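Report on the structure given below.
Please treat every number below as a calculation from the coordinates, not as lab data. Because the structure is a prediction, the values reported are computed rather than measured. FYI the Cβ positions are ideal-geometry reconstructions off the backbone, even for glycines, and counts take in every protein chain you see.
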Amino acid sequence: MSIEIDVVNGDAGWTAAEALFDAVWPLHVLEKLPWGNVVFAEADLRVLLRTESSDLACHVGIFRRTVTWNGRTMNAGGIGGVATRDEYRSRGYASMALEAALRTMQDEDSIDFAMLFCEPRLAPFYKERGWKGFDGEIYAEQAGGRMLFTAIGPYVHDVRWRAPSNGVIDLNGLPW
């Protein structure tokens, strides 16, 4: 079976991504997740992986953000909204889409490091792909203002520079 991977503008890919999100995280599931009430940023770019039959099987959002790490301004590439339909899991699609997202960041040559947030049960998947846990504090915006973000764990990946491993990162906006 063949697949097609496209990197598209975040707004242009939203309709397809929204349908996938609704399938992967229906409201009754989302309400029970530790991050179900978090307001997330909208992706700047979307990696869309389609099957031979044009079904959207997997999505990875790419977010560009100027963050502050221990008082130093850096360009972070966020990864978020990683989702694969149940019937397409365990085929390597999320790995391929994640790799395409990292390659996009590397090709832009303006992203210092990548960061994502994930549930503990998914950490092994990301660690096997070179992501490292960030041991520190993350601050993000939510309805009540700037807050310590602890809903899901932070992981980092080298892009242009070595990713920070500890300290304080202010996302200067909504999490992704």
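Do we have any residue at all in segment 39-47 that's of a type in the set (D, E, K, R), in contact (Cβ under 8 Å) with a residue 12 or more places away in the chain and surrounded by 18 or more Cβ atoms within 10 Å (Cβ to Cβ)?
yes
Taking Arg65 as meeting all but one of (1) farther than 20 Å from Gly153 by Cβ; (2) outside any loop (DSSP other than H, G, I, E, B); (3) basic (Lys, Arg), write down the number of the exception.
It is condition (1) that Arg65 fails.
Got a number for residues in segment 9-48 being assigned to a loop (DSSP other than H, G, I, E, B) and among the β-branched types (Val, Ile, Thr)?
2
Run Ala76 past the list (1) buried (at least 19 other Cβ atoms within 10 Å of the Cβ); (2) under 17 Å from Ser2 (Cβ atoms) and report the number of the one that doesn't hold.
Among (1) buried (at least 19 other Cβ atoms within 10 Å of the Cβ); (2) under 17 Å from Ser2 (Cβ atoms), Ala76 violates only (2).
Got a sec? Which of Ala83, Ala57 is over 13 Å from the mean Cα position of the chain (by Cα), assigned to a strand (DSSP E or B) and closer than 16 Å to Thr15 by Cα? Don't jump to the end; show me each part of the working.
Working: Ala83 fails: over 13 Å from the mean Cα position of the chain (by Cα).
The match here is Ala57.
What pairs come up if the first residue lies in segment 120-142 and is of a type in the set (Ser, Thr, Tyr), the second is exposed (fewer than 15 other Cβ atoms within 10 Å of the Cβ), and their beta carbons are under 8 Å apart, counting only those six or more places apart or on different chains?
Tyr139/Arg146; Tyr139/Met147; Tyr139/Leu148; Tyr139/Val168
Mind checking which strands (runs of 3 or more DSSP E) fall wholly inside segment 116-167 and carry at least 2 residues that are under 16 Å from the mean Cα position of the chain (by Cα) and buried (at least 20 other Cβ atoms within 10 Å of the Cβ)?
Output list reads 135-142, 153-158.
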